[in-house]
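Chemist: Here you go, one structure.
Derivation of every value follows stated rules applied to the coordinates shown; laboratory data play no part. Here the structure is a predicted model, which means the values were calculated and not measured. As a convention, Cβ positions derive from the backbone with ideal geometry for all residues, glycine included, and neighbour counts pool all protein chains shown.
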Amino acid sequence: MTAQAVVRTDRRRRLLHRAPWWIAALFLVGIAVLWIFPFLWMLSASLKDNMEMFTGGLKLWPSTFVWDNYSRAWNDAHFGRYLINTVVTTLVTVVIVTIRCATAGYVLARYRFRGSKLFLGVLIATLFVPTGYTIIPVVKISMQLHLIDSLGGMILALSGGAYVSAILLYYGYFRQIPRELEEAAVVDGAGFVRTFFSVMLPLAMPVTATVAVLTFITTWNAFFLPLVFTFSRPDLRTVSVGMQAFVGETATDWSGMAAAGVISIVPVVVLFIFLQRYFVEGISGAVKS
Amino acid sequence: MTSRSVRFRTTWIWIFLVPTVVLYGVYTIYPIIASYWYSLVEWNGFDSGQKFVGLSNYRAVFADPLFWNSFKVTLFFMLLVVPARVLLTLLLAMVLNSPKLPLIGLLRSAFFIPVVTTTAIIGVVMRFILDPASGPISTALMKLGFGGVDFLGDQHLALPTAAVLYVWKFFGVTMIYWLAALQTIPYELYEAARIDGAGTGQLFRHITLPMLKPFLIIITVLTVEETFHNFDLMYTLTGGGPYFHTEIIEIYIYRWAFAASIPQLGHASAAAVIFGLLVAVVGALQLWGVYAGRRLRGDQR
């Protein structure tokens, strides 16, 4: 046998060996398509006209592409406005939450001070406080502070949620950084603040990315708080609340609603596709710690 | 260090904590405590005054059959959802963990996508997909010769349907938990066992299962806790209906506090406090579970 033939049979054997895996993969791809079917349906529905929505059933490919659905969702159903509200709320909340969790995680991990143990204990005790429990006092105090019915008040309330896991992620990360690094910075004449911002925070970039991505998605998808905060100010709705309101107001415009859904969901899905790694890391952190 | 620099440092420590102390204090800690006070007053609307009434709100809540209904729905929903989420995800995670599987990244992403999408929007869209008159599922069923099924309008079907959708929506989270757990098992262990002649079943029984046991506790309790946060899906999907058959406690609270023509915030707060205690009890179980898990893992080393 020539060397070439050996290579060829070898390759064939390897292909044969891998065949069951490919069959399994194809089977799983089939399931995965079913899995994301609701999104595919929504996408196709957003391009059908309202008549075809009723008669088309499960068929995905629209017979004519009706782009007008998007302009209806954007203008008539105010999703342009809702999208801006959501983007502003989400970005500001991400900045606030990331900074406050980074600084808190840092001092809790690196310094022992009176109350540090208690502080951590209280944080862990509130790990799972549900919004349904805190919502009434949150609304009441927001009214007293004249923060209800405003985007700013909603942002503050969203940033004030527990976010314990974010603090714990920073805590765990800053804990395992060796002392020498900090001491070297101090020898170089860096003060408390400089040490944090020019040495420690840059080191924690992976955690920052994870916390930012997780907070982004949590805030973008938040529903309970934005719902309650915008009862009397429809112009401040976020996309999730807007979608719920859409059903009540124009119950017949299904394809417009599907278009609104696509507008609302695409930003998070795109973000997820590009920053998937950080997202997965953040979630698996809960199990590892 | 001199006492001045220590004091200087302490000042900075607290400045670093201020944003968290203020925001988390006002919007998480204060509400937890204030709920107890609010549960003891009669208070009909955020603008009106509060009158101390002792425990009568609690008596009213305990006497309300609809509260016990929502309590039952919440627990029953948990029982429906948790085993499916924990066990089915383990199966998928084991498949998606095998290094020989092609397209693994793509598959993982596909199964994860529902997690990142907005729950409230999923609820609304699913209502259309499941619409008995003209939704695509019904149309397809009718074409196949079946009658249309009112998944969300039927009182026996609504909760199981919501449970299936919930499992679908959050499947990816538990799958990632399991993948993280599986990745703690060194691959060499499997290879060594296979050289020794172990079959797939034996590998699973003697390596995978024992190595995963400590994680099972943690993952189960994390999943249980997550099922308490289900307002978004239930509210947009069924709003608690048909006739309170899917009214979880969070919707019960919402109904008394925000959806009633005369809000009864004291009554809602009492229900919220009981709900908070329920979550706390399960949370305490969790801490105990994590502790037990740690000890189990420690024993094996």
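Chemist: Can you compute the modelled spin-label distance between A:Ile23 and A:Phe65, with each label point 7 Å from Cα toward Cβ, in nm?
Modeler: 3.9 nm
Chemist: Next up: Given Cβ point charges of +1 (Lys, Arg) and -1 (Asp, Glu) and nothing else, what value in debye, to the nearest 20, does the dipole of chain B about its Cα centre take?
Modeler: On the way: 20 positive and 15 negative charges, 203 e Å.
Using Cβ point charges on Lys, Arg, Asp and Glu, chain B gives about 980 debye.
Chemist: Oh, and also: With the crude spin-label approximation of a point 7 Å out along Cα→Cβ, what separation in nm comes out for A:Met51 versus B:Ile15?
Modeler: About 6.9 nm, to one decimal.
Chemist: What whole number of Å gives the distance from the Cα centroid of segment B:117-136 to the Cα centroid of segment B:202-273?
Modeler: After rounding, the separation between the Cα centres reads 20 Å.
Chemist: Would you calculate the separation in nanometres between label points at A:Ala125 and B:Lys100, each defined as 7 Å from the Cα along the Cα-to-beta-carbon direction?
Modeler: It is 5.3 nm.
Chemist: Which links in A:Lys117/B:Lys169; A:Lys117/B:Lys72; A:Lys140/B:Lys169; A:Lys59/B:Lys100; B:Lys100/B:Lys213 stretch past 29 Å when you go from one Cα to the other?
Modeler: A:Lys117/B:Lys169; A:Lys117/B:Lys72; A:Lys140/B:Lys169; A:Lys59/B:Lys100
Chemist: As a footprinting exposure proxy, order B:Thr208, A:Thr98 by other Cβ within 10 Å, with the fewest listed first.
Modeler: On the way: B:Thr208 18, A:Thr98 22.
Sorted ascending by nearby Cβ count, the order is B:Thr208, A:Thr98.
Chemist: What shape does segment A:71-288 take by its C-alpha gyration tensor, where a ≥ b ≥ c are the square roots of the eigenvalues and a/c under 1.5 counts as rounded, a/b above b/c as prolate, and the rest as oblate?
Modeler: prolate
Chemist: Another question, if that's okay. Check every DSSP H run in chain B and write down those whose alpha carbon atoms cover 30 angstrom or more along the long axis and whose mean Kyte-Doolittle hydropathy is 1.0 or greater.
Modeler: Numbers: long enough: B:3-24 (31 Å, 0.78); B:158-182 (35 Å, 1.48); B:265-300 (51 Å, 0.86).
Flagged H segments are B:158-182.
Chemist: Follow-up question, since we're still on this one. Among B:Gly25, B:Gly153, B:Gly239, which one moves the most in a GNM of chain B with springs linking Cα atoms closer than 10 Å?
Modeler: Fluctuation is largest for B:Gly25.
Chemist: Once whole DSSP H runs in chain A are found, which of them have Cα atoms spread over 30 Å or more along the helix axis and a mean Kyte-Doolittle score of at least -1.0?
Modeler: Values: long enough: A:3-35 (46 Å, 0.48); A:79-110 (45 Å, 1.26); A:254-288 (43 Å, 1.41).
Both cut-offs are met by A:3-35, A:79-110, A:254-288.
Chemist: Using +1 at the Cβ of each Lys and Arg and -1 at the Cβ of each Asp and Glu in segment A:71-288, identify which of A:Val228, A:Thr93, A:Ala109 lies farthest towards the dipole's positive end.
Modeler: So the residue we want is A:Ala109.
Chemist: A further question follows. Fewest Cβ neighbours within 10 Å first, please rank A:Tyr82, A:Tyr70, A:Tyr111 accordingly.
Modeler: So the ranking, lowest neighbour count to highest, is A:Tyr111, A:Tyr70, A:Tyr82.
Chemist: Let me ask something else about it. For chain A, which span is the longest to avoid every loop-located (per DSSP) member of trypsin sites (Lys or Arg not before Pro) having at most 16 other Cβ atoms inside 10 Å?
Modeler: Between exposed loop sites, the widest span is A:115-289.
Chemist: Turning to a different aspect of this structure: Can you sort A:Ser63, B:Ser35 by how many other beta carbons sit within 10 Å, fewest first?
Modeler: In order of increasing Cβ crowding within 10 Å: A:Ser63, B:Ser35.
Chemist: With n ≥ 4 as the cut-off for DSSP H runs, can you work out [θ] at 222 nm for chain A, using -39500 (n - 2.57) per run divided by the number of residues, rounded to the nearest 500?
Modeler: One gets -23500 deg cm²/dmol as the mean residue ellipticity at 222 nm.
Chemist: Report the equivalent ellipsoid semi-axes for chain B in whole Å, largest first, defined as the square roots of five times the eigenvalues of the gyration tensor built from alpha carbon atoms. Kindly include the intermediate steps, with their values, before the conclusion.
Modeler: Working: eigenvalues 307, 227, 66 Å².
The equivalent ellipsoid of chain B has semi-axes of 39, 34, 18 Å.
Chemist: Treat every Asp and Glu Cβ in the protein assembly as shown as -1 and every Lys and Arg Cβ as +1, leave all other atoms uncharged, and give the resulting dipole magnitude about the Cα centre to the nearest 20 debye.
Modeler: It comes to approximately 2000 debye.
Chemist: Mind checking which of A:Ile155, B:Gln155, B:Ala193 is farthest towards the positive end of the protein assembly as shown's charge dipole, using Cβ charges of +1 (Lys, Arg) and -1 (Asp, Glu) about the Cα centre?
Modeler: Most positive-ward Cα: B:Ala193.
Chemist: Separate question: Say the dipole of segment B:152-301 comes from +1 at the beta carbon of Lys and Arg and -1 at that of Asp and Glu; which of B:Ala259, B:Ala270, B:Val281 then lies farthest toward its positive end?
Modeler: Working it through, the farthest residue towards the positive pole turns out to be B:Val281.
Chemist: Can you list residues whose amide H is under 5 Å from B:Val41's amide H, if they're 5+ apart or on another chain and H is modeled 1.01 Å from N?
Modeler: B:Val53
Chemist: Assuming a ≥ b ≥ c are the square roots of the Cα gyration tensor eigenvalues, decide whether the protein assembly as shown counts as rounded (a/c under 1.5), prolate (otherwise, with a/b larger than b/c) or oblate.
Modeler: Oblate, since a/c reaches 1.5 and b/c is not below a/b.
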